[in-house]
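The values are calculated or read from the model by the stated rules, or taken from the named source; none is laboratory data. Since this is a predicted model, take the numbers as computed values, not measurements. Positions of Cβ are generated from backbone atoms using ideal geometry, with glycine treated the same way; all protein chains shown enter the neighbour counts.
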Amino acid sequence: MREATKPRNGSGIEEASVNEALEAQSAAEATLRETALRYQQELSWADPDTLEVTLAFIRASRMHRLATGRMMDQLELDVSMTGARYTLLLTLFFARDNLLAQNEISRELSVSRTNITNLIDGLERDGLVSRVPNPADRRVSYAQLTKLGEEICMEVLPHLTRSMMDDLNGFTDQEKAQFKVYLYRMQRNIVQSHPAKYGRGIGVDRE
């Protein structure tokens, strides 16, 4: 069994053998159950099963982001690529004409305009995105994917797609269909409890 080592590019997780990783996962599951019960100890009305589901969902989302970041590190791309940068590139990649107004990107990703501007500045310096002015309204600036940006997306997209599919490895079609129903019900509950126009946010959110 090989020793765990630090990840090369600081993706936030340590490498491990499959057996080591599964043992750690079992321990994490036990911790989540214990944590849910602690909630109930503090608040008698809290349902530990509901809390464990939510905590497991949050951890699964975090694990996916970290694993995706590690995957991108291993691709050794010619340009620096964090999850936040690739999320923005993917948003443009799937947009009509690979073009979106900066305020639309901010709204889609639920990120402040200042952060979006900073991200676009960096991507523009690396030749992945170009700014396109709106001739009808100088206050509106568009971001458009360049040829190099499209090539980077196409290089990463198959790996990202495979990673997402691997997350549900072994699930039947019926289980996946039911899982979608549960996730969308959960999202609707969040919207009802905390009304807001949440961004659709495609890609990965790390950083």
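Values computed for the structure shown
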| read-out | value |
| --- | --- |
| Qualifying residue in the stretch 38-46 (condition: surrounded by 15 or more Cβ atoms within 10 Å (Cβ to Cβ) and either under 17 Å from the mean Cα position of the chain (by Cα) or closer than 30 Å to residue 154 by Cβ (or both)) | no |
| Residue tally, condition of a type in the set (Val, Ile, Thr) and either in contact with a Ser or Thr (Cβ under 7 Å, 6 or more places away or on another chain) or more than 14 Å from residue 72 (Cβ to Cβ) (or both), over the stretch 146-162 | 1 |
| Residue match in the stretch 7-18 (condition: at pLDDT 95 or above and surrounded by 15 or more Cβ atoms within 10 Å (Cβ to Cβ)) | no |
| Which listed residue, of 59, 85, 65, 70, is over 30 Å from residue 129 (Cβ atoms), surrounded by 13 or more Cβ atoms within 10 Å (Cβ to Cβ), among the basic types (Lys, Arg) and in contact (Cβ under 8 Å) with a residue 24 or more places away in the chain | 59 |
| Index of the failed condition, residue 127 passing every other in (1) on the phi < 0 side of the Ramachandran plot; (2) surrounded by 11 or more Cβ atoms within 10 Å (Cβ to Cβ); (3) not aliphatic (A, V, I, L, M) | (1) |
| Strands (runs of 3 or more DSSP E) contained entirely in the stretch 91-207, each with at least 1 residues that are in contact (Cβ under 8 Å) with a residue 40 or more places away in the chain and closer than 24 Å to residue 68 by Cα | 129-133, 141-145 |
| Qualifying residue in the stretch 100-113 (condition: surrounded by fewer than 14 Cβ atoms within 10 Å (Cβ to Cβ), among the basic types (Lys, Arg) and under 30 Å from residue 137 (Cα atoms)) | yes |
| Residues located in the stretch 120-179, provided they are among the basic types (Lys, Arg) and over 13 Å from residue 102 (Cα atoms) | 125, 147, 162, 176 |
